[in-house]
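Below is one structure, written out as structure tokens; the observations come after it.
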Amino acid sequence: MGLENILFIVAFAAAVFLFSKNLKAIIRNINLGKDLDISDNKLERWKKMILVAIGQSKMVVKPVSGLMHIIVYAGFIIINIEVLEIIIDGIFGTHRVFAAPLGGLYDFLIGSFEILALLVLVACVVFFIRRNAMTIKRFKMKEMLGWPKTDANIILIVEVFLMGAFLKMNAADQVLQARGVEHYVVAGSYPVSQFLVPIMENFSSGYIIFLERATWWFHILGILTFLNYLPYSKHFHIMLAFPSVFYSKLKPRAEFDNMHSVKKEVEIMFDPDAAPAQSEGPVERFGAKDVADLNWKQLMDSYSCTECGRCSEQCPASQTGKLLSPRKIMMDTRDRLEEVGKGKDKNGKDFSDGKSLLGDYISEEELWACTTCNACVDACPIELNPLSIIMDMRRSLVMEESKIPSELAGMITNIENNGAPWQFSQTDRANWINEE
Amino acid sequence: MSSTLNVNTMAELMAKGEKPEVLFWVGCAGSFDDRAKKITRAFVKILNSVGVNFAILGTEESCTGDPAKRAGNEFLFQMQAMTNIQVMNAYEVKKIVTTCPHCFNTLKNEYPGLGGDYEVLHHSQFLQKLMEEGKLKIEGGEFKGKKISFHDPCYLGRGNGEYEAPRALLEQLDAELVELKRCKSKGLCCGAGGAQMFKEAEPGAKEVNIERMEDVVEASLNIVAVGCPFCMTMMTDGVKNKEKEETLKVYDLAELIAEGNGL
Ligand code: SF4
Ligand code: SF4
């Protein structure tokens, strides 16, 4: 085992360690949310996940970006087989360890990886141009300024470099194979990188070995770094999209949950005998003021959100210039959750900074602009539900803080007094029968 | 036009020891809003003409609680729901039809968890059934050949996945059916849902119903068909705003069928 292998093992172990630490922090954050039992309908959930998450059925609603996304996604998954080989080679000092056992299949695989790598590279360049040089409204909305925009660009640029390094590495390898340089077994087929060979033909073998090693290291270190970038990025959706779809709502979209805490109290009002002798546990807060009042699924979804803005593009409020943008609701939830998590890491688990999601991040004006139309949920490629967060915050506003627009307060009073949202007497309900 | 409607209340039937086949849930808009009352009457005319044995709750009906729930007041919603469920369960209601997608959604999806289990149909679904059973013949009449689009109500379409029943009815009118640029699951909200009906919109560049009306104007229709009393209000306002009252009419599905059949 040479120095190179030891270095590799150290880098690899560090990356895995760091990633698992970040992952643990995220899982801890998600678990700050309230319990929610979503263990029903397993079969239907698997089907939905296969269709929507693996099959990306909702991505292709936009055919161009949908198709390009599928290329990048497939490329990402398939090229990871190559990464496995790189890791084994890195640890044991072998070279193209899968070549001998796989034989002809290996040539086919490497050939397909190359074609995919090229497609991914092209798709990422196009994505980059779309985001930066074209005016696509959903990429220009104000929640996308600053870090979110940079984040998206970093991901695309890194992908381009990783794929570039992969192809260049293969080109160098080919030249070395052809020259019969020791250690470089003759293996693989190179439908794309063969076109890079002429650039290198005049270089000395020593220099080409250097290039091959450099791109090899760049490629794998890039991937390990990228792995650790994920937890800070919207790109984390490549992991959480699957559980988010699996646990997404199966009921009709317009059905809202009946709050259990309220149900208990209303039952007591209708039947005083139903009152429990003693109050059970601590009093629950109605609705959501801060992230810990949301449930774990809503919190997990905030990490799954890839900030694509398909939700806000369809949202009637966003489209007509209201402050509300469902994407921002997801982003705010994640930002606040991260803030709470970091606070707890630093100052212990009972830490409170006096801030809250409702008020410090999301305003009443945003919440009251929602028509509960479900366009955002329908548009989201991974079935995230900004509406459920909006509703839980409205509940907190109204039931905890009695903050409600005055016209709505009037509507509520009318229902209380005369069983209709307008001021009409209940006794006039059937007057329509005799009016023409 | 005959104006006497034949309507029984549950209480009246109960007194006679009878039970209707279906409860017509009129809803608050259908009971009190002047424009929506026309929809209610049109629907009853159809029921009468087919001879459907139905009843209403009349003065025993109370708001489903939908606007309270969507406005964040879950207490009031559940109070309303429990009250209505007690009334309906006492009458042993099994089947409900309603002309309001908000009532439809609440009764169908949110009442079962509170003890109210009924078969609930939107009037488009109910009328489609009558049509398929051969009981209702849709003539079209004055609407024949007119250019018509259906504006999907969020709580019927996206909210409950029903896109076909309204279209199946409209097809029978023998009209020229076209789809709006944004339709079915991509249909744009009229702006009234989520209790917005009862408040001014938040500040913005435009009203949602105007944005929607632009889709309608673009399609250069004679008629935009709706299936919700709130959509009716928003679309009617939109037509006024665009000064299209002369050339563009808003009708509920029930009105198109009733008038087309000369009821
Ligand atoms: S449900 Fe609310 S947030 Fe979602 S698209 Fe409709 S108005 Fe926008
Ligand atoms: S919620 Fe869904 S649609 Fe909206 S930005 Fe996030 S991933 Fe995209």
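The values are calculated or read from the model by the stated rules, or taken from the named source; none is laboratory data. Predicted model, so just to flag it, every value in this text is computed and none were measured. Glycine gets a Cβ as well: all are built from the backbone with ideal geometry, and neighbour counts include every protein chain shown.
Miscellaneous remarks
- Consider region B:203-216 and keep the residues that are over 11 Å from residue A:319 (Cβ atoms) and buried (at least 21 other Cβ atoms within 10 Å of the Cβ). The one that is nearest to the other protein chains (Cβ to nearest Cβ) is B:209.
- Identity of the residue in region A:295-321, part of a loop (DSSP other than H, G, I, E, B) and of a type outside the set (D, E, K, R), that ends up farthest from ligand 1 (Cβ to nearest atom): A:306
- Helices (runs of 4 or more DSSP H) completely within region A:373-436 that count 2 or more residues being of a type outside the set (Ser, Thr, Tyr), more than 16 Å from ligand 2 (Cβ to nearest atom) and in contact with a helix residue (DSSP H, G or I) (Cβ under 9 Å, 6 or more places away or on another chain): A:386-395, A:406-418
- Of all the listed residues (A:292, A:317, A:274), the sole one being within 14 Å of chain B (Cβ to nearest Cβ) and under 26 Å from the mean Cα position of the chain (by Cα) is A:317.
- Residue match in region B:172-192 (condition: assigned to a helix (DSSP H, G or I) and within 16 Å of residue B:219 (Cβ to Cβ)): yes
- If you filter region B:154-179 down to residues that are in contact with a Phe, Trp or Tyr (Cβ under 8 Å, 6 or more places away or on another chain) and within 14 Å of chain A (Cβ to nearest Cβ), you find that the one that is farthest from ligand 2 (Cβ to nearest atom) is B:156.
- Answer from A:31, A:41, A:5 - the residue that is surrounded by 14 or more Cβ atoms within 10 Å (Cβ to Cβ) and either touching a residue at least 60 places away in the same chain (Cβ under 8 Å) or β-branched (Val, Ile, Thr) (or both): A:5
- Here is the figure for region A:375-396: residues that are under 22 Å from residue B:204 (Cβ atoms) and either in contact with a Gly (Cβ under 6 Å, 6 or more places away or on another chain) or of a type in the set (D, E, K, R) (or both) total 2.
- Region A:167-219, residues that are assigned to a loop (DSSP other than H, G, I, E, B) and basic (Lys, Arg): A:179
- Within region B:61-109, the set of residues being at the interface with chain A (Cβ under 7 Å from one of its Cβ atoms) and charged (D, E, K, R) comprises B:61, B:69, B:70, B:74.
- Residue identified as within 11 Å of chain A (Cβ to nearest Cβ) and crowded, with 19+ Cβ neighbours inside 10 Å among B:232, B:197: B:197
- A search for C-beta distances below 7 Å between a residue of region A:298-315 that is farther than 19 Å from residue A:242 by Cβ and not assigned by TED's automatic domain parsing to the domain that holds residue A:374 and any residue that is acidic (Asp, Glu) and near ligand 2 (Cβ under 9 Å from one of its atoms), counting only pairs 6+ apart in sequence or on different chains, returns nothing.
- Of all residues in region A:305-317, one or more are away from ligand 2 (no atom under 13 Å from the Cβ), touching an Asp or Glu at 6+ places or on another chain (Cβ under 9 Å) and under 18 Å from residue B:208 (Cα atoms).
- Some residue of region B:74-81 being modelled with pLDDT of 95 or more and closer than 19 Å to residue B:229 by Cα: no
- Of all the numbered requirements in (1) in contact (Cβ under 8 Å) with a residue 24 or more places away in the chain; (2) under 30 Å from residue B:211 (Cα atoms), residue A:321 misses one, and that requirement is (1).
- Filter result for residue A:269 (within 14 Å of chain B (Cβ to nearest Cβ) and either of a type in the set (Gly, Ala, Ser) or surrounded by fewer than 20 Cβ atoms within 10 Å (Cβ to Cβ) (or both)): yes
- Subset of region B:216-228 (residues that are part of a helix (DSSP H, G or I) and in contact with a strand residue (DSSP E or B) (Cβ under 8 Å, 6 or more places away or on another chain)): B:216
- For region A:322-345, a tally of residues being aliphatic (A, V, I, L, M), within 16 Å of ligand 1 (Cβ to nearest atom) and assigned to a helix (DSSP H, G or I) returns 3.
- Residue in region A:126-148 that is over 30 Å from residue A:329 (Cβ atoms) and either touching a residue at least 60 places away in the same chain (Cβ under 8 Å) or exposed (fewer than 14 other Cβ atoms within 10 Å of the Cβ) (or both) present: no
- Those residues of region B:121-139 which are closer than 15 Å to residue B:255 by Cβ and either touching a Lys or Arg at 6+ places or on another chain (Cβ under 6 Å) or surrounded by fewer than 18 Cβ atoms within 10 Å (Cβ to Cβ) (or both), in sequence order: B:139
- Count of region B:222-250 residues which are more than 11 Å from the chain's Cα centre (by Cα) and closer than 20 Å to residue A:436 by Cα: 4
- Scanning region A:359-372 for residues that are of a type in the set (A, V, I, L, M, F, W, C), within 13 Å of chain B (Cβ to nearest Cβ) and outside any loop (DSSP other than H, G, I, E, B) yields a count of 2.
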